[in-house]
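FYI, it's all coordinate maths here, none of it is from the lab. A quick note: this is a predicted structure, and the numbers were derived from the prediction, not measured. Ideal geometry is used to build each Cβ from the backbone, glycine not excepted, and the neighbour counts take in all protein chains shown.
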Amino acid sequence: MSRPGNQFNDIPIHTHVAEARSVGNIRALLAEIVARLEKLDASGESGMIDLHSLPFAPGEYEQLRQTLGQGEVSVRIEAIGPSEINETRFPGVWWVTHYNVEGDIIADTIEIAWIPEIIPSQPEDVHAGLEKLQAKLNE
């Protein structure tokens with residue numbers, strides 16, 4: 001029964017949450033990650049998946065982020081542009097995102113490795129750091 005002056009009370013209202021239409025990318029991608037993680041576990045062989053090259057359906061990218069989750073380690077590197085390296089909730093699986101100086105994503109990868117390639121110091125950087133520290137000590 002409607003209240004006087006409100007003709008819309010008797011109209012049934014149903015809500016619908018749109019779900020992303022997956023074309024199977026997430027399941028296939030997780031299977032690829034498992035295969036690469038098996039290689040890392042068995043032989044130490046690392047691998048990388050370029051997320052920009054994949055045809056995600058609407059919502060799949062976010063679904064992948066949610067599925068992999070956040071692990072215990074997070075690293076931010078400031079170089080030409082910032083880079084964010086996040087361990088997922090699955091050790092050995094890292095989400096690596098590189099940005100340009102404007103903040104646009106220029107590379108977005110999943111790395112399956114003991115530690116992502118970008119994190120270890122380069123030999124020339126270690127040598128330069130040693131020289132700087134020696135100079136500081138000699139001041």
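A protection proxy built from the mean count of other Cβ atoms within 10 Å ranks the segments 100-106, 55-61, most packed first, as 55-61, 100-106.
Packing, as the average of other Cβ atoms within 10 Å across residues, places the peptides 69-75, 85-91 in the order 85-91, 69-75, highest first. Rounded to whole numbers, the Karplus 3J(HN,Hα) couplings from phi for segment 88-97 are 7, 6, 10, x, x, 10, 10, 9, 10, 10 Hz, using 6.51 cos²θ - 1.76 cosθ + 1.60 with θ = phi - 60°, and x at Gly and Pro.
In this structure, the amide hydrogen of residue 107, modeled 1.01 Å from its nitrogen in the peptide plane, lies closer than 5 angstrom to those of 98, counting only residues at least 5 positions away or on a different chain. Just add up the charged neighbours of residue 124: K/R +1, D/E -1, any other residue whose Cβ is under 14 Å from the Cβ of residue 124. Cβ neighbours under 14 Å give a net charge of -1.
Rounded, prolate or oblate for segment 25-125? Axes are the square roots of the Cα gyration tensor eigenvalues, ordered a ≥ b ≥ c, and the cut-off for rounded is a/c under 1.5. Taking the square roots of the gyration eigenvalues as a ≥ b ≥ c, segment 25-125 is oblate.
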